[in-house]
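Let me begin by presenting the structure, written as structure tokens, before commenting on it.
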Amino acid sequence: MCEIKLSIPDEALVALKLSATEVEGTLRLAAAAKLFELGRLSSGAAAALAGIPRAVFLSKLADYGVATFRLSEDELKEDLASA
């Protein structure tokens, strides 16, 4: 496993109203959500990055304004037609 060290300004911790321990989880989840949104990580890989179960990760995506499922208009029409 790779470890990355990140320096966070004290002002950011104060603004976020989080402890150093809490900010680690918050940043991991935010990064995972963004990478999932960009299509760079699958939901499983993003959940692993966030350090939480996949089901929990998927439920937290709405907190970041990220759609859980991404279907194109054609895919959605096809799904509706076959329902």
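Just the residues that are within 8 Å of the chain's Cα centre (by Cα) and among the basic types (Lys, Arg), please, taken from the range 29-60. Once the filter is applied, which keeps residues that are within 8 Å of the chain's Cα centre (by Cα) and among the basic types (Lys, Arg), the range 29-60 yields 34, 60.
Once the range 61-77 is narrowed to residues that are under 11 Å from the mean Cα position of the chain (by Cα) and part of a helix (DSSP H, G or I), the residue that is nearest to residue 8 (Cα to Cα) is 64. Each residue in the range 11-40 was checked for being without any contact (Cβ under 8 Å) to a residue 24 or more places away in the chain, loosely packed, with under 14 Cβ neighbours inside 10 Å and either part of a helix (DSSP H, G or I) or acidic (Asp, Glu) (or both), and 9 of them qualify. Looking across the range 1-40, the residues that are of a type in the set (Ser, Thr, Tyr) and either out of contact with any Leu (no Cβ under 8 Å at 6 or more places or on another chain) or within 28 Å of residue 67 (Cα to Cα) (or both) come down to 7, 21, 26. Checking the stated criteria, residue 4 turns out not to satisfy the condition of being surrounded by 13 or more Cβ atoms within 10 Å (Cβ to Cβ), outside any helix (DSSP H, G or I) and free of Cβ contacts under 8 Å to residues at least 60 places away in the same chain.
Only the coordinates and a few stated rules stand behind these numbers; no lab work does. Note that the structure is predicted; figures quoted are calculated from it, not measured. Ideal geometry is used to build each Cβ from the backbone, glycine not excepted, and the neighbour counts take in all protein chains shown.
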